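K.L.:
Dropping the structure in here first, questions after.
The values are calculated or read from the model by the stated rules, or taken from the named source; none is laboratory data. Here the structure is a predicted model, which is why all the values come from computation and not from measurement. All Cβ positions, even for glycine, are placed from backbone atoms using ideal geometry, and neighbour counts span all protein chains on display. Remember, those area values only see protein heavy atoms, side chains included, never the ligands or the DNA or RNA. Shrake-Rupley method; radii C 1.70, N 1.55, O 1.52, S 1.80 Å.
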Amino acid sequence: MKKIYLMAIAAAFTFSLTSCEDFLDSENYTEANTGNYPASPGDLNKELAALYGVMNQFSTDPLQSPWFVNYIMSDDANGAGGTGDVESHAIGHLTANKESLFDNAWHNTYVGIGRASAIIYAVDAFDWTGQEKTRNQLLGEAYFMRGLFYLWGVQFWGDIPAYWAAAAPDPCPQQSAEDVIMPHILADFTSAANLMSHGATTQGDGHATKGAAEGMLARAYMFYEGFYKKAGELATANLADVAFDFEQEGAGKSLSKAQVVAFLEDAINNGGYKLVDDFRLLWQYTNELTAPDYPFVKDLADQGKYWAGNGNSEQMFQVQFMNAGSWNGNIGMGFTNMASLYCGLRCDDDGAGHKNGDAGSMPFGQGWGQGTINANLWDDWSDMDPRKKATILDAPTELSGFVFTTTCSEDAGYYNKKWMPVTCSGSSFDDFNKYYTWWGVYRNSKEIAAPNDNSFQGDHYTDIVLLRLADVMLMHSELTGTADQMNKVRARAGLPATTYSWDNIKKERRFELAAEGIRFNDLRRWSGKGGGEGCEAAQALERQNGSRVNYTGRWTTMHHATSSWAKRYAETDGFLMIPPSQILITNDESVLKQNAGWGASVSDANMSGTPVY
């Protein structure tokens, strides 16, 4: 187990980007700037730590983080939460409840882009003679992170302001995501993959690796070809090379499908990663403090097999957390896994004084009940697949103490085991401020103090896994039309081998990667841009209409808050509202204009309150 409690807090340096700062929300937070910083190669490592820290800034509010927003926008999950949680409901219904809904997401995206660009253009201010490998690794990580932030930005908003210089121009207009930004994203990941070396960093230390760059390159490439180029089944599509009509170290002149496949094979065969033996061992409920008392995984505990841990052999890139969460400061609770808190069993009680999260619902802890699993995922998934119950908690069946609360909404009783908080024997169920989660019990046993003295909300340190080997293996099968890698993933789950088909690989991705925030953009790329109400994504989302849910303690069915999921998807193509505050800065549509499907003139874009069922 990685002892994250002892990690030092990453230095929070940033640097001025000059011009266009207000527009791109990439303002300077310290005295350091490009005129006096970095002053040495060592400073670049501090800047790199600050760059990774942007992911923790995203984590302060899961409802503005790429992983959680994409999760509840998909058909995997409902926004859920309480009857007053308008933000989560709005996102889940592809609407908005306020103009500032995605302000922080926009801000953090451009802080990340700015920090990455500053490193890229500062690297060669120093002499790296004899340290070329170190220089290339650092530069490769910066390219990786710039590509990642731009990819998140494009998937959230489509055409966005973009630049590839040391500082943003003024003005910094929207660029075409399809024609301009996506090729640069692919080039960034290609540069990262070619500059970095396998084994240059310690696996699981939070740094991007060559293998992670190869995997993220494939994810970006498949989104580009599927969504923007409407290629359909990638295994059989005739895909033209993506031209790079710009110079960039390590990128080359173009990118072909064959190159992407070769990168995937290199990551699989040479990256040093391997599938964890048992699918359940990927998730924290199999930790050594919990597993012996949890019947679902007691067979593993009896064999002395426990959670593979943060930074395990299958994780290729992740958001990491540490014992430094606080409600104060720039990053604050971003140092704890707030998505875990959001996905916990709904707090409050059932009107008779019975509540979730005590010994009766062990080993799953209380939280805010957002991002509950949609009933269709449970119904569609065969009980013969062991991953179903390893992924989804059927709370009324599995937990003797579970109740539907008087404030619950869009809660079918299915919860996300991959992300939700976990408790164990010895948890302080009578005082959630003490050692409530299993992490809290572990921390207390080591006599390590909690910085916020609130175990219920602060003791969540499980990584958010952004890329794992199983995903990379499935992308290989989807690109090549072969079943070998897919069948290795199935074999790990104890499932028989199957043949490749587009339908089979879609199902495999849906179930292997369920509730990890990947499904929504898979649906989008399988549908293609402009797919309309009849496309696969729109129809999958529309199936939420009529799905069973519990609302304030009574069973009913879901309906869309303003029109329908299919209509909202068709209107927006899955893109979010660009923060109106950003558009007002220039008040010039030639610089920045709102996405289709949003704005005051769109009658079904705004949710005034949570839906009543």
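K.L.:
In the set G206, G232, G211, which member is within 28 Å of the chain's Cα centre (by Cα), part of a helix (DSSP H, G or I) and of a type outside the set (S, T, Y)? Please lay out each step first, then the result.
P.N.:
Values: G206 fails: part of a helix (DSSP H, G or I); G232 fails: part of a helix (DSSP H, G or I).
None of the other options fit; the residue is G211.
K.L.:
Still on this model: Considering only residues that are free of Cβ contacts under 8 Å to residues at least 60 places away in the same chain, on the phi < 0 side of the Ramachandran plot and surrounded by fewer than 23 Cβ atoms within 10 Å (Cβ to Cβ), which ones fall in region 431-450? Working first, answer last.
P.N.:
Filtering region 431-450 for residues free of Cβ contacts under 8 Å to residues at least 60 places away in the same chain gives 431, 433-435, 439-440, 444-445, 447, 449.
From what's left, on the phi < 0 side of the Ramachandran plot: 431, 433-435, 439-440, 444-445, 449.
If the condition is that a residue be free of Cβ contacts under 8 Å to residues at least 60 places away in the same chain, on the phi < 0 side of the Ramachandran plot and surrounded by fewer than 23 Cβ atoms within 10 Å (Cβ to Cβ), then D431, N433, K434, Y435, N444, S445, A449 are the ones that fit.
K.L.:
Looking at the structure I just gave you, is V111 farther than 23 Å from Q174 by Cβ and either of a type in the set (A, V, I, L, M, F, W, C) or assigned to a helix (DSSP H, G or I) (or both)?
P.N.:
No, not satisfied.
K.L.:
Another question, then. Which one of K253, K298 is open to solvent by 30 Å² or more (accessible area, probe 1.4 Å), more than 20 Å from K418 (Cβ to Cβ), over 28 Å from the mean Cα position of the chain (by Cα) and not small (G, A, S)? Break it down stepwise before answering.
P.N.:
Values: K298 fails: more than 20 Å from K418 (Cβ to Cβ).
Result: K253 is the single residue among K253, K298 that is open to solvent by 30 Å² or more (accessible area, probe 1.4 Å), more than 20 Å from K418 (Cβ to Cβ), over 28 Å from the mean Cα position of the chain (by Cα) and not small (G, A, S).
So that you can scan it fast, the table gives a plain yes or no per residue for (1) on the phi > 0 side of the Ramachandran plot; (2) open to solvent by less than 30 Å² (accessible area, probe 1.4 Å); (3) not in a helix (DSSP H, G or I):
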| position | (1), (2), (3) |
| --- | --- |
| R490 | no, no, no |
| T499 | no, no, yes |
| A514 | no, yes, yes |
| F520 | no, yes, no |
| E533 | no, no, yes |
| Q544 | no, yes, yes |
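K.L.:
Hey, can you tell me all the residues within region 225-238 that are buried (at least 18 other Cβ atoms within 10 Å of the Cβ) and of a type in the set (A, V, I, L, M)?
P.N.:
A231, L234
K.L.:
Still on this structure: Against the condition more than 17 Å from A412 (Cβ to Cβ), among the small types (G, A, S) and in a loop (DSSP other than H, G, I, E, B), how does A600 come out, does it pass?
P.N.:
Details: more than 17 Å from A412 (Cβ to Cβ): yes; among the small types (G, A, S): yes; in a loop (DSSP other than H, G, I, E, B): yes.
So A600 passes the test.
K.L.:
For region 262-272: of the residues being open to solvent by 20 Å² or more (accessible area, probe 1.4 Å) and touching a residue at least 12 places away in the same chain (Cβ under 8 Å), which is nearest to P386 (Cα to Cα)?
P.N.:
Here is the first cut: in region 262-272, the residues open to solvent by 20 Å² or more (accessible area, probe 1.4 Å) are 262-263, 265-266, 268-270, 272.
If we keep only those that are touching a residue at least 12 places away in the same chain (Cβ under 8 Å) too, we end up with 263, 265-266, 268, 270, 272.
Working: F263: 31, E265: 27, D266: 29, I268: 24, N270: 29, G272: 26 Å.
Going through the qualifying residues, I end up with I268.
K.L.:
Residues S590, S608: which one is closer than 23 Å to E410 by Cβ, touching a residue at least 60 places away in the same chain (Cβ under 8 Å), out of contact with any helix residue (DSSP H, G or I) (no Cβ under 8 Å at 6 or more places or on another chain) and not β-branched (V, I, T)?
P.N.:
S608
K.L.:
Step by step: first the residues of region 546-589, then only those that are acidic (D, E) and part of a loop (DSSP other than H, G, I, E, B), then the one that is farthest from the chain's Cα centre (by Cα). Which residue is that?
P.N.:
To start, the set of residues in region 546-589 that are acidic (D, E) comprises 571, 573, 588-589.
Among the residues that remain, those that are also part of a loop (DSSP other than H, G, I, E, B) are: 573, 588-589.
Numbers: D573: 19, D588: 32, E589: 31 Å.
Residue satisfying both the conditions and the ranking: D588.
K.L.:
Would you check which residues across region 475-488 are within 20 Å of the chain's Cα centre (by Cα) and surrounded by fewer than 23 Cβ atoms within 10 Å (Cβ to Cβ) and list them? Talk me through it step by step, then tell me what you get.
P.N.:
If we filter region 475-488 for residues that are within 20 Å of the chain's Cα centre (by Cα), which is where we start, we get 475.
Answer for region 475-488, where residues must be within 20 Å of the chain's Cα centre (by Cα) and surrounded by fewer than 23 Cβ atoms within 10 Å (Cβ to Cβ): there is none.
K.L.:
Check F335, F429, F364, F404 and return the single one that is in contact with a strand residue (DSSP E or B) (Cβ under 7 Å, 6 or more places away or on another chain) and more than 30 Å from A493 (Cα to Cα).
P.N.:
Details: F335 fails: in contact with a strand residue (DSSP E or B) (Cβ under 7 Å, 6 or more places away or on another chain); F429 fails: in contact with a strand residue (DSSP E or B) (Cβ under 7 Å, 6 or more places away or on another chain); F364 fails: more than 30 Å from A493 (Cα to Cα).
Within the list F335, F429, F364, F404, the selection yields F404.
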